[in-house]
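The values are calculated or read from the model by the stated rules, or taken from the named source; none is laboratory data. Keep in mind it's a predicted model, so treat the numbers as computed, not measured. With ideal geometry, Cβ positions are generated from the backbone for all residues, glycine too; neighbour counts draw on all protein chains shown.
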Amino acid sequence: MKTRFAPSPTGYIHIGNVRSAIYPYLLAQQQHGRFILRIEDTDRARYVEGATELIMDTLKWLGLDWDEGPVVGGPNGPYFQTERKAIYHKWANKLIAEGRAYADPTTPDTLDKYRKECYNKKIPFLYRNFRPSNTSEWHEGLPLRFKSDPKPRQWHDAVMGDLSAGPEVQDDIILIKKDGLPTYNFAHIVDDAEMGVTHVIRGAEYISSVPNYLALYEALGLEVPVLVTLPHILGPTGNKKLSKRDGAKSVTDYRDEGVLAETMLNYLACLGWNDGTEQEIYTRDELIKHFSLDRIQVSGARFDETKLLWLNGQWLRRLVEEQGIAEFYPRTEGFWPTSASSYEPEYRQQVFAIIYDRLKTLQDLRTMTDYFFEDPTIDLKLITTNKFLKKFSENQLVDFLQQSVVKLQDTEWNEDSLQDALNQLLESTALKPAELFSLIRIALSYAPFSPALNLTLAVLGKDTSLARFNSTITALANA
């Protein structure tokens, strides 16, 4: 078995692109086959510098290592279509010799005239209805068209089942453009045949072109590979294909925001596929073991960013608990607030150890840990408008904090002793946990939330914690 991922380097690599890489990778791994990366770079007008490197970097990040392709090489190279020009011309000349391809002398203005003529008659435009009777010998500088033989076509799709189309959807498609480079319609068929690809897995947008592809396979004398159509990835509303207009982001955007590779692989693999169970978290090895073409759904799959972020939180906790703080910590680099840079890694690990289970993405570290690295700005409104504290006067709030300072001043500074001291404060102040702990939390962090108070106090340290209490006491006393 051989599968392939054949992206075009025309910009960022989006969610649909990556899923079209994950499924052929999983299938090849499961069947002990080979996974090919091929760069379809013949659209020079849309080519984006650096896009190929971005594609490869994204695949490596996800752990989708290719067996043949750029960098690693292989027996069927080159793996860039622009370097395979002679191969396409060889197959094109075969079609010319058999009378199945011809040079297209039609000018753009004449093509527009044909299209307008069909529009006015309210009939579909098919170039084959305007096929020139006499053409010159083909040479670079003239497009080369396929001479179609329209007829009913039937085929089996591993996901969509048995399909068919009539002759009305088949046309004299362009094989080679004026610049001598092939169109996708021609190149991918030649490349798949030359490289021995057995399973072609791609998005639903290509299904309408399959009748033309079948005509080309037939004319070239090639066996049709197993065709696998993936359902559309739908936008948040579930009623249309996911697009940039819906706020769709690239995979690298999610990576930069702190979504883990394990999460992205897991989520995208399950976006349109399931193994019939309720399982939601899959390792790469589990995906390889359970993946099957017959479990790919026919209908579109809705992209749910909320579900993605939930899954990322699950993966964060799982990996930290499996690997330990020290081993996972390097993956947090680049996600801390700027103020953290002056602190030793050991301290940042202490902070991470008490907050990781609250994170949805690693980027949350920037906003959820800043008070561990610099004193927060005092905002008394957070206290005086708090639903648990607004019933108390400033003098009462000062008294509660002063009692806390006195109690904690003589407490051994470790998690257990601090928790005992906090429990004793509840008794001595006669406050409810939501009241006392809200006050202490705000005085320490002025943040929407913090980890367990005894853990927060232990990491901040005695001097910093008591200093922050006293700053708030002073602010309340002067309010």
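Just one of the numbered conditions (1) part of a helix (DSSP H, G or I); (2) surrounded by 13 or more Cβ atoms within 10 Å (Cβ to Cβ); (3) modelled with pLDDT of 95 or more; (4) not charged (D, E, K, R) is not true of Ala86; which one? Going through the list (1) part of a helix (DSSP H, G or I); (2) surrounded by 13 or more Cβ atoms within 10 Å (Cβ to Cβ); (3) modelled with pLDDT of 95 or more; (4) not charged (D, E, K, R), Ala86 breaks only (2).
In the set Phe303, Phe352, Phe373, which member is in contact with a helix residue (DSSP H, G or I) (Cβ under 7 Å, 6 or more places away or on another chain) and modelled with pLDDT under 95? Phe303 is the lone residue from the list that is in contact with a helix residue (DSSP H, G or I) (Cβ under 7 Å, 6 or more places away or on another chain) and modelled with pLDDT under 95.
Considering segment 11-45, the residues that are small (Gly, Ala, Ser), in contact with a helix residue (DSSP H, G or I) (Cβ under 9 Å, 6 or more places away or on another chain) and part of a loop (DSSP other than H, G, I, E, B) include one that is nearest to Ala187 (Cα to Cα), namely Gly11.
Pairs meeting the criteria (first residue in segment 48-64 and within 13 Å of Ala21 (Cα to Cα), second residue among the β-branched types (Val, Ile, Thr) and at pLDDT below 95, beta carbons under 6 Å, at least 6 apart or on different chains) are Ile55/Ile13; Thr58/Ile13; Thr58/Val251.
Looking at segment 51-83, which of the residues that are within 22 Å of Lys2 (Cβ to Cβ) and of a type in the set (Gly, Ala, Ser) is surrounded by the most Cβ atoms within 10 Å (Cβ to Cβ)? Among residues in segment 51-83 that are within 22 Å of Lys2 (Cβ to Cβ) and of a type in the set (Gly, Ala, Ser), the one surrounded by the most Cβ atoms within 10 Å (Cβ to Cβ) is Gly69. Looking only at residues in segment 11-69 that are charged (D, E, K, R) and touching a strand residue (DSSP E or B) at 6+ places or on another chain (Cβ under 6 Å), the one that is farthest from Val226 (Cα to Cα) is Asp41.
Do we have Ser341 as closer than 27 Å to Thr367 by Cα and not assigned by TED's automatic domain parsing to the domain that holds Met160 here? So Ser341 fits the description; yes. Scan segment 134-154 residue by residue and report those that are surrounded by 10 or more Cβ atoms within 10 Å (Cβ to Cβ) and among the charged types (D, E, K, R). Passing the criteria: Glu140, Arg145, Lys147, Asp149, Lys151, Arg153.
Among the residues of segment 98-114, the one identified as in a loop (DSSP other than H, G, I, E, B), surrounded by 14 or more Cβ atoms within 10 Å (Cβ to Cβ) and not charged (D, E, K, R) is Thr106. Please determine whether any residue of segment 470-478 is in contact (Cβ under 8 Å) with a residue 40 or more places away in the chain, within 17 Å of Ile354 (Cα to Cα), surrounded by 15 or more Cβ atoms within 10 Å (Cβ to Cβ) and not aromatic (Phe, Trp, Tyr). Within segment 470-478, none of the residues are in contact (Cβ under 8 Å) with a residue 40 or more places away in the chain, within 17 Å of Ile354 (Cα to Cα), surrounded by 15 or more Cβ atoms within 10 Å (Cβ to Cβ) and not aromatic (Phe, Trp, Tyr). Scanning segment 390-426 for residues that are small (Gly, Ala, Ser) and out of contact with any helix residue (DSSP H, G or I) (no Cβ under 9 Å at 6 or more places or on another chain) gives a single hit, Ser393.
Candidates Asp171, Asp162, Asp192: the one that is part of a loop (DSSP other than H, G, I, E, B) and modelled with pLDDT of 95 or more is Asp171. Working only within segment 125-144, note down all residues that are within 21 Å of His89 (Cα to Cα) and either part of a loop (DSSP other than H, G, I, E, B) or without any contact (Cβ under 8 Å) to a residue 12 or more places away in the chain (or both). Across segment 125-144, the qualifying residues are Thr135, Ser136, Glu137, Trp138, His139, Glu140, Gly141, Leu142, Pro143. Go through segment 90-124 and count every residue that is aliphatic (A, V, I, L, M) and touching a Ser or Thr at 6+ places or on another chain (Cβ under 8 Å). Within segment 90-124, residues that are aliphatic (A, V, I, L, M) and touching a Ser or Thr at 6+ places or on another chain (Cβ under 8 Å) number 1.
Conditions tested, residue by residue: (1) β-branched (Val, Ile, Thr); (2) over 30 Å from Val320 (Cβ atoms).
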site	(1), (2)
Ala215	no, yes
Val228	yes, yes
Ile233	yes, no
Glu262	no, no
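Tally time: how many residues in segment 429-456 are part of a helix (DSSP H, G or I), more than 24 Å from Asn395 (Cα to Cα) and either aliphatic (A, V, I, L, M) or touching a residue at least 40 places away in the same chain (Cβ under 8 Å) (or both)? Selection size over segment 429-456: 2.
Listed here are the residues, each with its yes/no results for (1) charged (D, E, K, R); (2) touching a residue at least 60 places away in the same chain (Cβ under 8 Å).
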position: Val197; (1), (2): no, yes
position: Ser209; (1), (2): no, no
position: Val228; (1), (2): no, yes
position: Ile233; (1), (2): no, yes
position: Lys241; (1), (2): yes, no
position: Glu257; (1), (2): yes, yes
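Set side by side, the residues Asp379, Asp357 differ, and just one is surrounded by fewer than 14 Cβ atoms within 10 Å (Cβ to Cβ), assigned to a helix (DSSP H, G or I) and touching a residue at least 24 places away in the same chain (Cβ under 8 Å), which is Asp357. Meeting the requirement of 3 or more residues that are surrounded by fewer than 20 Cβ atoms within 10 Å (Cβ to Cβ) and in the same structural domain as Leu62 (by TED's automatic domain parsing), the helices (runs of 4 or more DSSP H) wholly within segment 227-315 are 251-256, 284-290.
The residue that is surrounded by the most Cβ atoms within 10 Å (Cβ to Cβ), among those in segment 155-181 that are within 19 Å of Leu220 (Cβ to Cβ) and out of contact with any Lys or Arg (no Cβ under 8 Å at 6 or more places or on another chain), is Ile176. Just one residue in the set Leu54, Leu95 is under 25 Å from the mean Cα position of the chain (by Cα) and not in a strand (DSSP E or B); that residue is Leu54.
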